[in-house]
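The values are calculated or read from the model by the stated rules, or taken from the named source; none is laboratory data. In this text the structure is predicted, and so the values were computed from the model without any measurement. Cβ placement follows ideal geometry from the backbone for every residue including glycine, while neighbour counts extend to all protein chains displayed.
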Amino acid sequence: MERLTIRLGEKDRLYISGYYGRDKLGLSDLFGLDWGNATGTLRWNHQINSKMFSNTSFIFSDYNYNININTFG
């Protein structure tokens, strides 16, 4: 996971984070599993006053999987 925080001003911050992962499990050419995730988040935090703040988030998520079962006939 990667994270980045950017201070835009006295009351504003931008947070950026992302993750990419891929897993593989296989038994030769007979059986295989392949799956992974990619995510990203962009969040803007604004402090309205000493007791109140707001968060606005944009979120991306992508989950993929593949199952291979080979049969010999």
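Which one of these does residue 26 not meet: (1) exposed (fewer than 10 other Cβ atoms within 10 Å of the Cβ); (2) at pLDDT below 70? Residue 26 satisfies every listed condition except (1).
Taking residue 33 as the residue in question, decide whether it is in a strand (DSSP E or B) and at pLDDT 95 or above. Write out each step before concluding.
Working: in a strand (DSSP E or B): yes; at pLDDT 95 or above: no.
No: the conditions fail for residue 33.
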